[in-house]
Structures are given as C-alpha cells and as structure tokens.
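So the structure is just underneath, and the comments pick up after that.
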Amino acid sequence: QVQLVESGGGLVQAGGSLRLSCAASGRTFSNYVIAWFRQGPGKEREFVAHISWSGDRTYYVDSVKGRFTISRDNAKNTGYLQMNSLKPEDTAVYYCAAGRTYLVAAASYEYWGQGTQVTVSS
C-alpha cells in the first residue's frame with residue numbers, strides 16, 4: 001500500500017505561483033505513475049497532469065500546458081506540481097494520486113492524498 005500526503009496549497013493572486021508536493025510512503029514509489037487531479041467548487045474532479053515511473057514522460061491537460069510542470073524525485077519519495085501564471089479558473093482542491101498505469105481517468109489510480117486547497121484571486 002502507498003500513503004500520499006499533499007502540501008503547498010494556499011491563496012495567491014492571479015499570475016502568481018505555487019509548488020505542490022506529494023510525499024509518499026509504503027511500497028517502492030518508483031514503480032508508480034504519479035498524477036495530479038483537481039476539483040473546483042461545484043465541479044467534477046478532473047485530470048491535471050501525470051508523470052511516468054522514471055519521469056521521462058509527462059502529460060498535461062490543455063488548460064495548464066505551458067504553465068504547470070509535474071516532476072518527481074524518487075530518492076525522496078516525493079512528487080511535485082509547479083504551478084505558474086495561475087488563473088482564477090485554477091482555484092480547486094488539488095489531489096495527488098498514484099497508480100500502475102499511464103492513464104488520465106481517476107479510476108485508474110489506486111492511492112490518493114487528502115487534497116490541498118489552491119485559491120487564485122483576481
């Protein structure tokens with residue numbers, strides 16, 4: 001089993017930046033795909049980005065391409081989401097997830113963190 005804990009959320013103005021972290025424990029972290037999802041007020045949970053086991057492949061939803069960067073440090077058992085040029089539309093609870101397949105569906109991920117709030121003001 002893998003346990004995940006997110007941190008780094010907060011309140012920022014539009015155009016600002018935040019770096020989210022996802023600390024993992026349990027089974028070998030390097031064997032898992034890491035993904036980030038988000039859920040805004042009154043909205044369904046949506047895929048944001050994911051990164052392969054080795055970190056050599058990444059994929060982003062169109063709305064964050066060029067602004068967000070996903071990364072991982074397997075030696076530290078930690079995944080990251082660097083968020084730049086934030087927009088009010090990015091306001092959501094952000095969740096990290098771990099799974100064994102390189103897919104965008106939330107159901108494809110076995111393990112989830114508790115979520116961290118990101119609020120972007122105009």
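The values are calculated or read from the model by the stated rules, or taken from the named source; none is laboratory data. Since the model is a prediction, treat every value here as computed from it, not as a measurement. Glycine gets a Cβ as well: all are built from the backbone with ideal geometry, and neighbour counts include every protein chain shown. For the accessible areas, the whole protein counts, side chains as well, though only heavy atoms, and no ligand, DNA or RNA atoms are used. Shrake-Rupley method; radii C 1.70, N 1.55, O 1.52, S 1.80 Å.
Below, the figures for the structure above:
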{"read-out": "Label-point separation, Ser52 to Gln1 (7 Å along Cα→Cβ), nm", "value": "3.1"}
{"read-out": "At R0 = 35 Å, FRET efficiency that the Cβ-Cβ distance of Ser63 and Ser30 yields, to 0.05", "value": "0.75"}
{"read-out": "Candidate lysines - alpha carbon under 19 Å from Lys65, same-chain residues fewer than 8 apart omitted", "value": "Lys87"}
{"read-out": "Heavy atoms of Tyr60 accessible to a 1.4 Å probe, total area in Å² rounded to 10", "value": "40"}
{"read-out": "The range 13-98 - percent relative contact order, Cα under 8 Å, separation 6 or more", "value": "42"}
{"read-out": "Gain in span if fully extended, Ser121 to Ala107, counting 0.36 nm per residue against the direct Cα distance", "value": "2.0 nm"}
